[in-house]
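To start, the structure itself, in structure tokens.
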Amino acid sequence: MKIPRSLDNPISIFGGIMAVVSLAIILFLVALSLISGQGGAYTGLVAFIFAPLFLILGLFLVPLGYYLRLRRNRKTGRPGRQHWRVLDLNKRKHRNALLIFLFASLFLLFISGIGSYEAYHFTESNEFCGKTCHTVMEPEFTTYQNSPHAKVDCVECHVGEGTTWYVRSKLSGLYQVYSVLAKKYPQPIETPVHDLRPAKETCQQCHWPEKFYPNQLVKEKHYLADSLNTEWDIHLRMIIGSDNEVKGFDEGIHWHINPNVKVEYISGSKRNRNELPWVRYINLETGDTTVYVDMEDPPDEDLMAEAEVREMDCIDCHNRPSHIYLTPQDFTNQQLALGNIPKSLPYIKQIAMEVFFSEYFEDKDTAKLVIRDRIESFYKEEHPDIYANQKHLVDQAVEGAIAGFSSNMFPYMQASWDAYPDHIGHKVYDGCFRCHNDRHTSESGRVISMDCNLCHTILQQGTPGNYETALFNEALEFRHPVELEDGWKEDLCSECHRYLYE
């Protein structure tokens, strides 16, 4: 079978070569992934996104060149075909041409189908979400891998089921790709995500509210910034729901999402939800409505006229369920508890806090050098005997501090605990105290209570071997591990713990 003379032009030839090379690259990369079992974000990006685009472009150039050559022939007066080509299946070369065309078309359709299927799954994969835009998404991907949802795919929460949200996510993704290429992305990535899918359509597909456990036991290990790095433990009973499971959401923390109740609020800022000066409670069964206003910082008329009234859901408290940035206190405590930072080194907790709270880090490499220099210099100058005889412990402490830093602080994107407050709890961030602060008052005088025992009770606290323990079904009064002046109970924990080391 002879190739039509009109196809003998630079554009068609270039398109044909491009299509063949692209197809060869796709087949090679797919075979390599299947045989070696290895592949990454960039392999998938080339095999299922970029190479197919060049394949399609090459196939488009073939008929384009053919068309341009025919049009030029007509303009120059060269003889051309004046009638449609007749397909005569009685002729062998026509039958062969038809068979070749059909088999080639079916093969390309088959390859395109596989490619489209793999491209769909690749763009839904965690590698694509976390590694394609590696520098920008490194903080989110790293913290995701260390989170309770590390085995849950990104799209399960960020997209969910249904065609509508899939299309919306891809359109949003196109803008995000443009932002990365044009370097128009904010540092850090701004939160909250205002167009995030409602929690009822994502979180509650796995976390069935009616079957939350009534309570949970939590034991926290803390280490003080003293010479002994004194361990201070606190054992809490978290009142997740009612003690009697049949009561459901009538009591406990998850009362806030009781289906018979609606809690709404207005945020004091469009950029975050750290301050909630206005809260409304509605009993959906009776219609009773109560409005609470922060008496110390009430919303002004402009805010009330312009602000969005948001219905409270899971994300308002669990706002960092998969991207958790631990504070320096917490990740240092974690490294001490794991033994990665030796507890026997005097003042190691204190010097670590001084480094993380007082130093400015331009990038991770600089941070590692500064952390090592500050810790080593402290022991060289203040404890030369330890540095001389137990330098391996100093080196171990440096590596532990760097490991904690690397998993939670990302200088390039300015992403850290300080940029992303966690609304669970009330120690470093206001969290629960955004509403439960004894300041939100209704016209009738009702107050949103700051009583800690509404959410948890303390069962045990103190140093190992010297615990203070509550009697059965009773609660301890919180005892601060460090002696403080009177009046601290009236202040919010975050006023000290947000910027001062323990």
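What follows draws every value from the coordinates through simple rules; no lab data is involved. Keep in mind that what you see is a predicted model, and the values were worked out from it rather than measured. Here Cβ is always computed from backbone atoms with ideal geometry, including for glycine, and neighbour counts include all displayed protein chains.
One table, with the values for the structure above:
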| read-out | value |
| --- | --- |
| ³J(HN,Hα) computed for each position of the stretch 277-292 - Karplus, 6.51 cos²θ - 1.76 cosθ + 1.60, integer Hz, glycine/proline x | x, 9, 9, 10, 10, 10, 8, 5, 7, 9, x, 4, 10, 10, 10, 10 |
| Extended-chain gain in nm, criterion 0.36 nm per residue less alpha-carbon gap, residue 21 and residue 338 | 108.9 nm |
| Amide H contacts of residue 228 (H built 1.01 Å from N, under 5 Å, at least 5 apart or other chain) | 347 |
| Relative contact order computed over the chain (Cα-Cα under 8 Å; 6+ residues apart), in percent | 14 percent |
| Under Karplus coefficients 6.51, -1.76 and 1.60, residue-wise ³J(HN,Hα) of the stretch 295-300 in Hz, glycine/proline x | 6, 7, 9, x, x, 8 |
| Footprinting exposure proxy for 181, 336 (fewest neighbouring C-beta atoms within 10 Å first) | 181, 336 |
| Fewest-first ranking of 194, 383, using other Cβ atoms within 10 Å as the exposure measure | 194, 383 |
| Fully extended contour minus Cα-Cα distance, from residue 156 to residue 174, at 0.36 nm per residue | 4.6 nm |
| Distance violations [Cα-Cα > 31 Å] among 151/364; 170/200; 219/349; 131/262 | 131/262 |
| In the stretch 317-387, the chymotrypsin sites (Phe, Trp or Tyr not before Pro) that fall in loop regions by DSSP, at most 11 other Cβ within 10 Å | 360 |
| Distance between the stretch 134-179 and the stretch 306-358 - C-alpha centres, whole angstrom | 23 Å |
| Answer label for Kirkwood radius over Cα pairs in Å (calculated), chosen among (i) 25.1; (ii) 28.2; (iii) 24.0 | (ii) |
| Size of charge dipole - the chain - debye, nearest 20, with Cβ of Lys, Arg +1 and Asp, Glu -1, no other charges | 6060 debye |
| Derived scalar couplings ³J(HN,Hα) [the stretch 402-416; Karplus, 6.51 cos²θ - 1.76 cosθ + 1.60; whole Hz; x for Gly, Pro] | 5, 4, x, 4, 5, 8, 9, 10, 10, x, 4, 8, 6, 9, 6 |
